[in-house]
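Below is one structure, written out as structure tokens, with a few remarks after it.
The values are calculated or read from the model by the stated rules, or taken from the named source; none is laboratory data. Just so we're clear, the structure is a prediction, and the values are computed from it rather than from any experiment. Neighbour counts run over all protein chains shown; Cβ positions are idealised from the backbone, glycine included. Heads up: the accessible areas ignore ligands, DNA and RNA and are worked out on the full protein's heavy atoms, side chains in. Shrake-Rupley method; radii C 1.70, N 1.55, O 1.52, S 1.80 Å.
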Amino acid sequence: MTLRTVGQPVGRIDGEEKVRGEARYAIDLKVPGMLHGRILRSPYPHARLLHVDAAKAAQLPGVRAVLTRDDILRGDRVERRYGRVYKDQSVVALDRVRYVGDPVAAVAAVDRETAEEALQLVEVEYEELPGVFDPVAAMAPDAPLLHEALGKQRNVCSLSTTVRGDVEQGWRESDLIVEETYTSATTQHCHLEPHGCIVAFDPSGRVTVWSGTQTPYGVKMNLAELFRLEPERVRVIVPYVGGGYGAKSHLKIEPIAAFLAWKSGAPVRIVLKRQEVFFTITKHGAVTRMKTGVKRDGTLVARQVEILYDTGAYAEGGPLVAKKAATLAAGPYKLAHVKTESYCIYTNKPSAGAFRGYGVPQVALAYESQMDRIAEVLGMDPLELRLKNVVEEGSRFATGEALHSVGFKPLLVQVAQAIGWGKAEGGTAGEKKAERGGAGDPKAGGTRRRGKGLAIMIKSSNMESTSRCGLQVNDDGTVTVLTSTVEMGQGPRTMLAQIVAEELALPLQAVRVHQPDTDVTPFDTMTTASRSTFFMGNAMVRAAAEARRQLVALASQLLEVRPDDLVVEGGRVSVRGSPDKGFGFGDLARRAREQGSPLQAEGVFEAKEPHGEEPVSIPSFYLVGAGAAEVEVDTETGQVRLLRYVAGADAGKALNPLLAGGQLRGDATIGIGQTFFEEMVFEGGQPVNATFLQYVLPSFKDIPELFDTVIVETPHRNGPYGAKGIAESTIACVAPAVGNAIRRAVGVRLRDLPFTTERVLRALAGLQDGGR
Amino acid sequence: MARFDLSFPETVEEACQALAQDGSDGRIVAGGVALMILVKHGLYRPRRLISLKRIRGLAGVQETEGGGVRLGAMATHHEVELSPVVHRRAPVLAEATAHVANLRIRNMGTLVGDLCHADNHSDPAPVLLVLDARARAVSARGSREVPFAQFFVDTYQTVLAEDELLTEVFIPPAPPRLAGCYVRFSGHSSIDWPTLGAACMLRLGEDARVQEARLALGSVTAVPQRLPEIEAMLVGQALTADLMTEAGRRAARLVDPPADARGSTWYKKRMVEVFVRRALEETLRRARANGVQIP
Amino acid sequence: MTLALRVNGQTHPVEVEPYELLLDVLRDRLNLTGPKDGCGEGVCGACTVLLDGRPISSCLLLAAYAEGSEIATVEGLARDGGLHPLQRAFIEHGAFQCGYCTPGMLMMAKALLDRTPRPSEAQVREFMSGNICRCTSYVEIIQAVLRAGDG
């Protein structure tokens, strides 16, 4: 079948709204009578709450509601504790605060200034407790405990393991064993739109939530449970979302806004200040210990991984991140023996949860750096070592399943080619000399050296999950798509419209995509894990096919011709060979409505469906990514310039190459920030750089002048048109690709992210960094 | 936003009177950039802000008699950066100013405001030190001139009294054959605050020996500092590679930078060593480009 | 205090408190929600508007300071219903994803093209460097600005 819209690099369908400044985000919404909510937060990383009194705040003119632990402990409005995995969190702190920024009280007032002033009138007495701020220290037997009441010993929030074969046997079979420790810093998503929501209770007790969330149905279900409501009484509407990257999944600020709205009887809006965003959710810092056994010919035999994810004060989505990472930590290699242990460890820092890459960047740093180490010791080309061991169609993964649609080999070859691998680097001595000549020649007084590096990564999408969608044909011949997939920039509105346009042979402009609204748009598990193209895309193909069937059936009845003799083209259903003989979609929609059966179709896609002979609970698909870097290191300052970067992925099928390329490069750009400088810094549990003035993001000047993408397409048997998700394919490759390039440029191996200029210089100076 | 009053006096005298009247409740605001950030973070809660915006005579950049430069309190960074007078008479100041924050902030913030805020990461501050610039401080009690060498007391603290405001900055005429540069190092993103800024001015004789040397560092110490010891060791010498390397080494020994997110004391000392040398090298390169014959 | 703010060619009398910032006045009083609040401290550029043609961070500018100036926001970029060449180029090149930085990015780019109609790639990077996009790689934005600069 020839595709017409799918596969084309069309501009975003939400483009015009966005460039006109008319796209509405949560922070742009207003509801009549709306109050402004503000949150009082703990100044201590760990303290007992002795006394909380908001009486004076409540008396300030303009204040309409205050929320303290008393409301939760004395009333029965909400559950005392909630949490997606473990119920270790409460709407405001009950007995203890566990990180700087932990909500202690909240107020709703007629304007922001009054709310802010009221916060200062809340009286709180704390008794400071010793805190613990890194996961290794937190596991010590005498470390202060954060959640002993939940039975969490040694601050272990969760432990997930994956075992295949027997690593002990693997070590015996190996000629070389390499063991190293790598660390990654805690970072933040830094979506430009802060978390924002408005919550309103109507007199009947129904709740409406307008929230910039990635998980409308998650918020609906979780809020209903927290407030002891039937889920049908909660409606969640999601406008455009100004970036998410995982930070806007499940309950964040909605519970506080909801409580204030209930107590005040008025709609309450909360929009976080930037500093509060840093307190709300982070990406896990991690310590990864990795041991690999390999044969002399470069065949990988066994790998053992222990990861300590620094999950902060509350479990949030942390255990799910760690659980998934446990299955992925050995990397995309054929390994007979694998053992991974993936811990989530509580510390007195903001909670860590989902972040683009979902635990993989922290392990990919280790396994891809270690691949180069092994290649070096064995005297092999790193590309050759990877090609020798990388998984391919049918390979058994660490989980035991047979992999499908994993085009690592063509991807690796193309990415390496794009960076000029083997040219002037990793090539002959003469070539090497040529590259190290000029500015890099020590005799010339130059201080700069160049090198190239490669990396790959694998990540799975959701296991069990469901997408439903609706589609209706309107009287004007246009089609409206009902979907709860959230548009946060990744482009699902455009992608879904392309699918519908393709299936119904319509121009793209004839397809409108409704915003998520749980009263209107059908159930979808969530917009996470790069799942929408695969899940919602499949549901949409099915819905469109059903709509097409209905259109053809009605036309067939009206025209009295067999359905097989009809063609669907240009918004019409007509008799093959007689384009005049037929009906427009609008006509058919009107007639169908008049007949009492409007043209409406539903599509459903579930991951529980059997995948060939595989067990049912395997991941729906794997993201397959690669990266290649060329760097220039200033050996006097430790500054590393990224001269060139290539971001690659196996898309299965790129439904929109323009948007796909944007995903690969954008994903890698966050990786660039996290490779070189992004890090949330804490001193004794106090965040010292939780603002954009101090926590610097990659800018126009930090991206390489040459920034290419490579897309290979190994069709997925269950994907729409063979497509898979791609939006998390490249982030995890940047740090190891850069680290490998630095190693080849100047001979030092960096193991701790970020690779700051100081760390590079210390490594060059042969100094110990952080005692290792 | 925290609540405060805002007034717009139309003369310096009115502003001084308002400031004298308000005592510690009042505060001068020029562009307001740094101040609004402090207010938004709750680090400063003003009662009354006295704006210089409508005072005629505080705007702009002018050339003074004899070829010096006068910068009014309301001259924005971007005006300084683009000013033909500055490019002619003090080009290194334009060079440093172009590094301040971002273009939007340079369109709002003023050079004088930046100096009064006294953040030690200021890019222009070390340049004003090597330009031997002076500030005019005015109050209801009178007016005085303060050399920038004495202006900064500590980070976020200047010699200005509570009732004083800074109306203008003077840069004296530069002697002939003076070359200079500002080099800046930002270890993280280049849009980040500087880890270090080094300002250098050299006057080289016909024999290419250093007749006069001025060097200052920003960001690595509590206040921007001249390096008189290094200046003294350079004067009378030919600028050889060894001398410049040695100047860097000695400079690193003279400072004791505080460790922070942009580097440890060890690292910052290393960067002082590198960038003092690079500032000298760059100044020499420019002097050559301007026609100084180096044997 | 009562201000007469000139925005996108129209004068709006508006009653503001002395402490109010231009961004809040534009968004809350004049319903111009194109400019966004991203960081609140002049770093990200989502709130960029032009003041007499010069880009500024409206999140740090006292509204009273804007009186007497021509304020331009993204809402005034399209003329007579037609998109500005920058707006078209941003769509064609995929120069945004979530779109939150876009109103500021466009105004910054407009200030550049008004001053330098045919900028080089290096000039685009330098001029735009204070505006942050967390979704794209900036490559697409650079391409769009260069394209719009071609006329």
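Need one value for A:702-714: mean number of C-beta atoms belonging to other chains within 10 Å of its residues' C-beta atoms.
The mean count of partner-chain Cβ atoms within 10 Å per residue comes to 2.
Sum up the charges of everything whose Cβ sits under 11 Å from the Cβ of A:Ser160, counting Lys and Arg as +1 and Asp and Glu as -1, but leave A:Ser160 out.
+1
Write out the chymotrypsin sites (Phe, Trp or Tyr not before Pro) in segment A:92-167 meeting two conditions: DSSP loop, and at most 13 other Cβ atoms within 10 Å of their Cβ.
Sparse-neighbourhood loop chymotrypsin sites (Phe, Trp or Tyr not before Pro): none present.
Find the centroid of the Cα atoms in segment B:175-244 and in segment B:1-59, then give the distance between the two in whole Å.
Going from one Cα centre to the other spans 36 Å.
Rolling a 1.4 angstrom probe over the protein chains, ignoring ligands and nucleic acids, what is the accessible area of C:Glu15 in square angstrom, nearest 10?
My reading of the accessible area for C:Glu15 is about 110 Å².
Could you put B:His121, A:His284, B:His99 in order of accessible surface area, largest first, with the 1.4 Å probe and the full protein assembly present?
So, going from the largest accessible area down, we get B:His99, B:His121, A:His284.
For the protein assembly as shown, build the charge dipole from Cβ charges (+1 Lys, Arg; -1 Asp, Glu) around the Cα centre, then report which of A:Gly722, B:Val274, A:Leu300 sits farthest towards its positive end.
It is A:Leu300.
Please list A:Trp171, B:Trp266, A:Trp262 from largest to smallest accessible area, probe radius 1.4 Å, with all protein chains kept in place.
If we order A:Trp171, B:Trp266, A:Trp262 from most to least accessible, we get A:Trp262, B:Trp266, A:Trp171.
Heavy atoms only, probe 1.4 Å: what % of the accessible area of the protein assembly as shown goes to carbon and sulfur, would you let me know?
Carbon and sulfur: 48 percent of the exposed surface of the protein assembly as shown.
Within the set A:Lys18/B:Lys40; A:Lys87/A:Lys252; A:Lys252/A:Lys273; A:Lys18/C:Lys110, which residue pairs have Cα atoms separated by over 21 Å?
Over 21 Å Cα-Cα: A:Lys18/B:Lys40.
For chain A, what does the helix formula give at 222 nm: sum of -39500 (n - 2.57) over DSSP H segments with n ≥ 4, over the residue count, nearest 500 deg cm²/dmol?
About -8500 deg cm²/dmol.
With solvent modelled as a 1.4 Å probe, how much accessible area in total do chains C and A shield from it at their shared surface, in Å² to the nearest 100?
So the buried area, both faces added, is about 4200 Å².
For segment A:706-762 and segment A:107-144, what is the separation of their C-alpha centers, rounded to whole Å?
Spelled out, the Cα-based centre of one part sits 37 Å from the other.
What value, in deg cm²/dmol to 500, does the helix sum -39500 (n - 2.57) over DSSP H runs of n ≥ 4 give at 222 nm once divided by the residues of chain B?
That calculation yields -10000 deg cm²/dmol at 222 nm.
How many angstrom lie between the Cα centre of segment A:175-213 and the Cα centre of segment A:511-574?
Each part's Cα centre sits 32 Å from the other's.
About the Cα centre of the protein assembly as shown, what is the dipole size in debye to 20, counting +1 per Lys and Arg Cβ and -1 per Asp and Glu Cβ, all else neutral?
1440
Averaged across the residues of C:84-94, what count of C-beta atoms belonging to other chains lies within 10 Å of each residue's C-beta?
5
So what's the net charge close to A:Asn222: Lys and Arg +1, Asp and Glu -1, counting the other residues with Cβ under 10 Å from its Cβ?
0
Roughly how big is the A-B contact, given as buried accessible area in Å² (both sides, 1.4 Å probe, nearest 100)?
Buried area (both sides, nearest 100 Å²): 2200 Å².
Note down the accessible area of B:Ser186, probe 1.4 Å, to the nearest 10 Å².
10
Averaged across the residues of A:238-245, what count of C-beta atoms belonging to other chains lies within 10 Å of each residue's C-beta?
Neighbouring Cβ atoms belonging to other protein chains average 4 per residue here.
Which values of log₁₀ I(q)/I(0), to two decimal places, follow from the Debye formula for the protein assembly as shown at q = 0.05 Å⁻¹ with a uniform point scatterer at every Cα?
Each listed q corresponds, in turn, to -0.36.
Name every cysteine in chain A that ends up alone, with no second cysteine's Cβ under 4.7 Å, or say none.
Cysteines of chain A left without a disulfide-compatible partner: A:Cys190, A:Cys197, A:Cys469, A:Cys733.
Among A:628-636, B:80-88, how do they line up by average Cβ neighbours within 10 Å per residue, starting with the highest?
The packing order, highest mean first, is A:628-636, B:80-88.
For the C and B pair, go ahead and give the buried accessible area with a 1.4 Å probe, both sides summed, in Å² to 100.
2300
Could you sort out which of A:Lys152/A:Lys334; A:Lys295/A:Lys701; A:Lys608/A:Lys653; A:Lys323/A:Lys349; A:Lys409/A:Lys608 sit more than 32 Å apart by Cα distance in this structure?
Violating the 32 Å Cα-Cα cut-off are A:Lys152/A:Lys334; A:Lys295/A:Lys701.
Relative to the longest principal axis of chain C, what angle (0 to 90°, nearest 10) does the C-alpha long axis of helix C:102-115 take?
In chain C, helix C:102-115 runs at an angle near 80 degrees to the longest axis.
With a 1.4 Å probe and all protein chains left in place, how much accessible area per residue does the protein assembly as shown have, in Å²?
35
Show me the ranking of peptides A:218-224, B:222-228 by mean Cβ neighbours inside 10 Å, starting with the highest.
A:218-224, B:222-228
Over all pairs of distinct alpha carbons, what does the Kirkwood formula give as the hydrodynamic radius of segment A:217-344, in Å?
Evaluated over segment A:217-344, this radius sits at 18.0 Å.
Which order do A:Leu387, C:Leu113 take by accessible area at a 1.4 Å probe, largest first?
Accessible-area ranking of A:Leu387, C:Leu113, largest first: A:Leu387, C:Leu113.
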